[in-house]
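See below for the structure under consideration.
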Amino acid sequence: MAVTCTRFTDEYQLYEEIGKGAFSVVRRCVKLCTGHEYAAKIINTKKLSARDHQKLEREARICRLLKHPNIVRLHDSISEEGFHYLIFDLVTGGELFEDIVAREYYSEADASHCIQQILEAVLHCHQMGVVHRDLKPENLLLASKCKGAAVKLADFGLAIEVQGEQQAWFGFAGTPGYLSPEVLRKEAYGKPVDIWACGVILYILLVGYPPFWDEDQHKLYQQIKAGAYDFPSPEWDTVTPEAKNLINQMLTINPAKRITAHEALKHPWVCQRSTVASMMHRQETVECLKKFNARRKLKGAILTTMLATRNFSVGRQTTAPATITTAATSTALGLVEQAKSLLNKKTDVGKPQTNSTKNSAGVTSPKGPIPPAALEPQTTVIHNLVDGIKESSDSTHTNPEDEEMKVLKFSDILSSVRRGSGALEAEGPQPAVAQQPLSPSFPHSPLAQPARFTDIFNTVRRGSEAEGVQYSNTQHRLSQPHLNSPFVQRK
């Protein structure tokens, strides 16, 4: 697909904003000659560094390669002076995980169908020499709100191109809970990192919580490197052995022995799900997923507030910081309300204490109650140890959650923002505007002094604490004890 030389406005009409990134905005658009709707990712190239230009070219190049029903497709690429337009599928079904919790019926067979579509997308990527590197729930969307809509893999901002089965060190990139052991060990890696992430996603699809967790980032990474996960009772007692077998093959520590996307699609639990996968409704999984999603929304609100504080503070001056504080807080509190609505949908359900079981590798997960951190959304991180450049990616869908950072611990993130450090770049969902044609001009942020971080954060915290969400100033860590109840309390 060649870059179109005609003006964007000659071919498309722009409408409301549906997402926003650091240097880009996503808006609904209509192709004038056909009337078809798309999502236009508009990048302000005047603000990009040489490195950012390279990343943009890489993302566009990769997206042009991928043409699959389970991947958000790039239809057009238009370059104009100062702006670049990437025209993608308009996906309107929202996140897969949000759809699951709204269903009246959800079974192991449904989870099998979901992972099959994800694996189909991953297989196509791998066949085209592409490694996604950031597979996670936020990047799994639905084509529409219709029942049975296709799952779409999105956001190739961290994707890389590889030759065949090439293994090399491409830099530390991904999302903490979904990183593979070889990446954490800083070893050569390749396509198997996507399969590991698929294993984590499948685990969550079946029980509603992740296989690896710890409040401490270092301990989390130690668990992942050791393959320390298990299938605790009682929730895993109703999962078929075939499903557990597929997870074990995906979460194999040695990437050379890890199952491939092609092999996984031939696994009986996937290709023979009508006779192998259980059809029993998994209500407990749905309830756990509700809380898992609520935590993602809540932390997303905090990260959005921090982004607003940081972005408004870069090279700008004004005498009205209170206006910016109000705007940033309003956006974040809107997301807090979304999280609160999810948290209030059900009362807490307790589970008995049980002894944890061992996984196929014979390693058990640490004992003790599952902490709230296990439910926190995972933030995308990338640190290229070769050139020391922090990379970034922008979402191209209707509800982007794009957080990238060199500094990994949440306490460090908060400290970074308070210092005004450039090491943090966090992005969150933005509200859509009125449904009428808009000017194609790129929106610019108002000039502003940096809003006081404490003012914004305290406002968000007050809104959160009203719903029982507690925040520790000393540790700068979110804590919500009542979210533990649906999970196994390990001795």
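Just so it is clear, none of the values below were taken in a lab; they were calculated from the coordinates. Please read all numbers here as calculations on a predicted model, not as lab measurements. In this analysis, Cβ positions are derived from the backbone assuming ideal geometry, glycine residues included, and neighbour counts consider all displayed protein chains.
Can you give the FRET efficiency for Ala226 and Thr9, using 1/(1 + (r/R0)^6), R0 = 45 Å, r = Cβ-Cβ distance, to the nearest 0.05? List each step's numbers first, then the result.
Values: r = 55 Å, r/R0 = 1.23.
E(calc), rounded to 0.05, equals 0.25.
Between Lys257 and Met128, what FRET efficiency follows from the Cβ-Cβ distance if R0 is 25 Å, with the result rounded to 0.05? Don't jump to the answer; show the numbers that get you there.
Working: r = 24 Å, r/R0 = 0.96.
The value I calculate is 0.55.
Within the set of other residues whose C-beta is less than 11 Å from the C-beta of Val193, count the net charge using Lys and Arg as +1 and Asp and Glu as -1. Write down the numbers at each step before the final one.
Values: positive: Arg133, Lys191, Arg258; negative: Asp134, Glu182, Glu187, Asp194.
Net charge around Val193: -1.
What does the charge count near His267 come to, summing +1 for each Lys or Arg and -1 for each Asp or Glu among other residues with Cβ under 11 Å from its Cβ? Mind dumping the intermediate values first?
Values: positive: Lys266, Arg273; negative: Glu242, Glu263.
For residues surrounding His267, the net value is 0.
Among Phe97, Phe212, Phe83, what is the fewest-to-most ranking by other Cβ atoms within 10 Å? The partial results should precede the final answer.
On the way: Phe97 21, Phe212 24, Phe83 17.
So the residues, fewest neighbours to most, are Phe83, Phe97, Phe212.
List every residue whose amide H lies under 5 Å from the amide H of Glu80, counting only residues 5 or more places away in sequence or on a different chain, with H placed 1.01 Å from N in the peptide plane.
When sequence neighbours closer than 5 places are left aside, the close amide H contacts are Tyr85.
If you plug each phi of region 206-223 into the Karplus form 6.51 cos²θ - 1.76 cosθ + 1.60 with θ = phi - 60°, what whole-Hz ³J(HN,Hα) values come out, in order, with x for Gly and Pro?
Listing the rounded values in order: 8, 10, x, 9, x, x, 10, 7, 5, 5, 9, 4, 4, 5, 4, 5, 5, 4 Hz.
What GluC sites (Glu not before Pro) does region 78-167 have in DSSP loop regions with at most 15 other beta carbons within 10 Å? Provide the component values of the computation, followed by the final result.
Values: sites: Glu80, Glu81, Glu95, Glu98, Glu104, Glu108, Glu120, Glu138, Glu161, Glu165; in loops: Glu81, Glu104, Glu165.
Counting only loop positions with at most 15 other Cβ atoms within 10 Å, the GluC sites (Glu not before Pro) in region 78-167 are Glu81, Glu104, Glu165.
Which order do Val162, Val25 fall in if you start with the one that has the fewest other Cβ atoms within 10 Å? Intermediate results must be reported in sequence, preceding the final value.
Numbers: Val162 16, Val25 19.
So the residues, fewest neighbours to most, are Val162, Val25.
May I ask you to sort Cys33, Cys271 by Cβ crowding, counting other Cβ atoms within 10 Å and putting the fewest first? It would help to have the intermediate numbers written out before the result.
Details: Cys33 8, Cys271 13.
Ascending number of Cβ neighbours within 10 Å: Cys33, Cys271.
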